[in-house]
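Asks: Take this structure, written in structure tokens, and hold onto it; I'll ask about it next.
The values are calculated or read from the model by the stated rules, or taken from the named source; none is laboratory data. Every value quoted in this text rests on a predicted model; they were computed, and no experiment measured them. With ideal geometry, Cβ positions are generated from the backbone for all residues, glycine too; neighbour counts draw on all protein chains shown.
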Amino acid sequence: MDLEIEKSPRHSKITGDFGEALVLYWLSKYGFECARLDHTGIDLIARNPHTRELMGISVKSRSRSAGTERSSLRIAADNFGKVKLACAAFSCTPYFAIVIDEGKIIRGYLLSMSHLLTLFPVTKSGAYWRMGEQFLDQFADDAEIKTFELHTATKRWW
């Protein structure tokens, strides 16, 4: 039985740090030379071992409560300009990594900023990464989106 637990006041910061570390781990596991940055616009920089492309990655992470697992993740409109500027400074291609903790599944996505904007154009308030079932199926079939899933279970707690 899952209990609805009130999250820590710092949970969103911890979620962001976890998402960055998780994407860094995933990239490293598959041979990418990568590092975490403290820079406005991008969080990670990575070299693809197959294409040699240098990627500047902005990581967006969310932890969803029960009943909100299919909520969209909003990327503020001004984030895109910040990513472009940072990537210009490092001569790298802009990418986004999306990490969403849905309770029993943590899903991760990696795609170029240009492809993200093709899928979800920016409105005045930003771009909305959709999480409905039809979008999950679309992401799974899209060769330009690299994905992972972690299936989790808390065996004992309270």
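Asks: Looking at P94 and the list (1) buried (at least 19 other Cβ atoms within 10 Å of the Cβ); (2) within 18 Å of R62 (Cβ to Cβ), which single condition is not satisfied?
Replies: (2)
Asks: Determine which single condition P121 fails, assuming it passes every other condition in (1) within 14 Å of the chain's Cα centre (by Cα); (2) assigned to a loop (DSSP other than H, G, I, E, B).
Replies: With (1) within 14 Å of the chain's Cα centre (by Cα); (2) assigned to a loop (DSSP other than H, G, I, E, B) applied to P121, the lone miss is (1).
Asks: Somewhere in the stretch 88-103, is a residue without any contact (Cβ under 8 Å) to a residue 40 or more places away in the chain, out of contact with any strand residue (DSSP E or B) (no Cβ under 7 Å at 6 or more places or on another chain) and among the acidic types (D, E)?
Replies: Checking the stretch 88-103: at least one residue is without any contact (Cβ under 8 Å) to a residue 40 or more places away in the chain, out of contact with any strand residue (DSSP E or B) (no Cβ under 7 Å at 6 or more places or on another chain) and among the acidic types (D, E).
Asks: Just checking, does the stretch 5-18 include any residue being farther than 17 Å from T147 by Cα, acidic (D, E), in a loop (DSSP other than H, G, I, E, B) and in contact (Cβ under 8 Å) with a residue 12 or more places away in the chain?
Replies: No.
Asks: So which residues in the stretch 50-86 are among the hydrophobic types (A, V, I, L, M, F, W, C), modelled with pLDDT of 95 or more and over 17 Å from the mean Cα position of the chain (by Cα), if there are any at all?
Replies: L54, L85, A86
Asks: List the number of the failed condition for F148; all other conditions in (1) within 20 Å of W26 (Cα to Cα); (2) crowded, with 18+ Cβ neighbours inside 10 Å; (3) touching a residue at least 60 places away in the same chain (Cβ under 8 Å) hold.
Replies: Single failed check for F148: (2).
Asks: Looking only at the stretch 115-134, count every residue that is in contact (Cβ under 8 Å) with a residue 24 or more places away in the chain and either acidic (D, E) or more than 13 Å from I75 (Cα to Cα) (or both) and tell me the total.
Replies: Total satisfying the criteria: 4.
Asks: If we scan the stretch 19-31, do we find a residue that is modelled with pLDDT under 95 and more than 17 Å from the chain's Cα centre (by Cα)?
Replies: no
Asks: Could you list all residues from the stretch 82-96 that are in a helix (DSSP H, G or I) and more than 23 Å from S12 (Cα to Cα)?
Replies: K84, L85, A86, C87, A88, A89, F90
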